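Structure first, commentary second.
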Amino acid sequence: MPHLPIRGVLFDVDDTLFDYSGSEEAGILAHLDELGLLARLPGPQAAVDLWRTVMEAQYARFLAGELTFRGQQGERTRQFLARLGEPGAERLSDEAAAAWFAGYAAHRDAARAAFPDAAPALAGLPPHLRLGVVSNSSADHQRDKLRAIGLLDRVGAVLVCSDQHGEPKPAPSIFHAGCAGLGLAPHEVAYVGDNYALDAEGARDAGLHAFWLDRTASGAPVGEGIRVLHSLDGLARALTA
């Protein structure tokens, strides 16, 4: 069977192109410090860990269709404040929860940044490659984020997000929708993402060329058909290997 060249690349956003974890940590610590709530936890790392635990639970409900994108933000606020022992937290109105989350988001967004290797890697890709994004999020949210970090013009022409598509990664349909947006078949498209199960296995099982971005060089075992990157620096070379 002849080798078929890769003609397009789809990217995950959070913790792939965009340093989501860094902005999230800076945002919640600044917000709690501003509100005088940090003292309720043993230390900054405990605050970040609790925020992420609550986020993962409520975001999973959003991905499952139980909550809207804004709804999961409100539930994250209520559950987090309840875990801090805030009286009446679980009965917080939608408006009050949204206002509290907006305070966090302002601090988070002030710390938004692309990974240092993202823009150079994108600039180094061959100009004929068609680029886009497939993300488990809201399209407006990811579009604003990519614009803020200076990458929207490079990857934002095709932006497929689970909130609008109706199914999240690792469902094959969302990867196939990204490929359709590029005007390419799955076997002509590479997918690059940091989450092994959602991104790497999901893309592979959907028939794309799967690249797992393991920035921590974890050494975790990798299944057949999945290639590993430790940074985006080697992406252009890896796509032609």
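The values are calculated or read from the model by the stated rules, or taken from the named source; none is laboratory data. Everything numeric in this text was worked out from a predicted model, so none of it was measured. Note: ideal-geometry Cβ built from the backbone for every residue, glycine included; neighbour counts use all protein chains shown. When the accessible area is computed, the model is the full protein with side chains, heavy atoms only, and any ligands, DNA or RNA have been set aside. Shrake-Rupley method; radii C 1.70, N 1.55, O 1.52, S 1.80 Å.
Here are the numbers:
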item: Rounded accessible area of Y59 (nearest 10 Å², 1.4 Å probe); result: 40 Å²
item: Accessible-area composition of the stretch 167-241, carbon plus sulfur, in percent [1.4 Å probe]; result: 56 percent
item: Estimated inter-spin distance, R147 and V222, nm [label 7 Å along Cα→Cβ]; result: 3.6 nm
item: Two-site label geometry, R70 and D233: point separation in nm, points 7 Å out along Cα→Cβ; result: 4.4 nm
item: Neighbourhood charge, 15 Å Cβ-Cβ cut-off, centred on D49 and excluding it, Lys, Arg +1 and Asp, Glu -1; result: +1
item: Cβ-defined net charge surrounding E201, 15 Å radius [Lys, Arg +1; Asp, Glu -1]; result: -3
item: Within the chain: Cβ-based charge dipole about Cα centre, in debye rounded to nearest 20 (Lys, Arg +1; Asp, Glu -1); result: 340 debye
item: Note, ³J(HN,Hα) from phi for the stretch 210-219, Karplus 6.51, -1.76, 1.60, rounded to Hz, x at Gly and Pro; result: 9, 10, 8, 8, 9, 5, 8, 6, 5, x
item: Whole-number D in µm²/s for the stretch 175-241 (Stokes-Einstein; Kirkwood sum over Cα pairs; 4 °C, 1.567 mPa s); result: 108 µm²/s
item: In nm, spacing of pseudo-spin labels at T240 and R61 (7 Å Cα→C-beta vector); result: 5.0 nm
item: Alpha-carbon centroid distance for the pair the stretch 99-135 / the stretch 184-241, whole angstrom; result: 18 Å
item: For the stretch 65-78, 3J(HN,Hα) per residue [Karplus equation, 6.51 cos²θ - 1.76 cosθ + 1.60, θ = phi - 60°, Hz, x = Gly/Pro]; result: x, 7, 10, 6, 4, 5, x, 5, 5, x, 5, 4, 4, 4
item: For R61, solvent-accessible area (1.4 Å; no DNA, RNA or ligand), Å²; result: 80 Å²
item: Percent carbon-and-sulfur accessible area, the stretch 55-94, ignoring ligands, DNA and RNA, probe 1.4 Å; result: 45 percent
item: 1.4 Å probe accessible area per residue over the stretch 76-195, in Å²; result: 44 Å²
item: Full-stretch length increase - A185, H128 - with 0.36 nm per residue and alpha-carbon distance subtracted; result: 18.9 nm
item: log₁₀ of I(q)/I(0) at q = 0.15 Å⁻¹ - the stretch 74-125, Debye sum with one point per alpha carbon; result: -0.54
item: Between 0 and 90°, nearest 10: helix 139-148 axis offset from the chain longest Cα axis; result: 80 degrees
